[in-house]
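Chemist: Here's a structure for you.
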Amino acid sequence: MELSEEAYSTGIKFPAPLPSFSKVVSRALQQDAYQEWDQLLRECAVFYLPDLPEEEGRARQSYHNIGRTMYEAFPSIKSTGQNAWSHFNRCLSSKVRWERRVRKKKSGGQSRQRATGPLKGAKVKKTALPSVLDEESFTDHLVQLKAETCKGNKKDVNHMERLLKETYTKRQMIKDTKLSNSLNYC
């Protein structure tokens, strides 16, 4: 069943249309929906996603209507909570958010949210990763870093950040070796 343009602009009304489930999910819904819970949520998310409003108030009402309709049609989704379908709604909401992120990532587009990068016109300081430190310098940096860490409230955060940047490449190289034990702090 297709949802109308009106449903998109006002949210999903009760009773909500039901998706056409796969055979596996349909069988599970007749017995124990939790056998195929993830697949059930995925199919619901894909079905309802285009028509779910993103505004909290209308989205909340739409989820309520979907959950109530699903519970009345498939009592096996029952769980504890404010309503028998509350757990289903939380899981569906999470799956819808996940699906939106995946689709956004695939399209490479920015939806209504601002880009996470710097604002237009902002100056960005670009720093190259330092080359690998020799063993003596690296050990000296670790000693200084350990000393700064143990100072408590009197830490020089800028000094610590500089030390961490300068030792980054070497630390990545030895992360899984016995030398990583020398990074133990206080």
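The values are calculated or read from the model by the stated rules, or taken from the named source; none is laboratory data. The shown structure was predicted, so the numbers you read here are calculated from the model rather than taken from an experiment. A quick note on method: Cβ atoms are made from the backbone with ideal geometry, for glycine too, and the neighbour counts reach across all protein chains shown. Accessible surface areas use protein heavy atoms only, side chains included; no ligands, DNA or RNA. Shrake-Rupley method; radii C 1.70, N 1.55, O 1.52, S 1.80 Å.
Chemist: Compute the signed sum of charges (Lys and Arg +1, Asp and Glu -1) over the other residues within less than 14 Å, Cβ to Cβ, of Lys106.
Modeler: Taking every other residue near Lys106 into account, the sum is +4.
Chemist: Near Glu148, within a Cβ-to-Cβ distance under 14 Å, what is the net charge of the other residues, with Lys and Arg +1 and Asp and Glu -1?
Modeler: +2
Chemist: Once you've got the Cα coordinates, tell me which of Lys106/Lys165; Lys78/Lys104; Lys13/Lys104 are over 29 Å apart.
Modeler: With Cα atoms farther than 29 Å apart: Lys106/Lys165; Lys78/Lys104.
Chemist: Also, I was wondering about something else. What's the ranking of 47-53, 65-71, 146-152, 159-165 by average number of surrounding C-beta atoms within 10 Å, highest first?
Modeler: 65-71, 47-53, 159-165, 146-152
Chemist: Between His159 and Arg58, with labels modelled 7 Å along Cα→Cβ, what's the label distance in nm to one decimal, could you check?
Modeler: 5.7
Chemist: Under a 1.4 angstrom probe, counting protein chains only, how are Cys91, Cys44 ranked by accessible area, largest first?
Modeler: Ranked list, largest accessible area first: Cys91, Cys44.
Chemist: Then there is this: How long is the gain from Asp134 to Asp38 if the chain were fully straight, where each residue apart is worth 0.36 nm and the alpha carbon distance is subtracted?
Modeler: 29.5 nm
Chemist: Turning to a different aspect of this structure: Can you give me the distance in nm between label points at Lys151 and Gln30, each placed 7 Å from the Cα along the Cα-to-Cβ direction?
Modeler: Here the modelled spin labels are 7.1 nm apart.
Chemist: Label points 7 Å out from Cα along the Cβ direction at Val46 and Gln82: separation in nm?
Modeler: In this crude spin-label approximation the distance works out to 3.0 nm.
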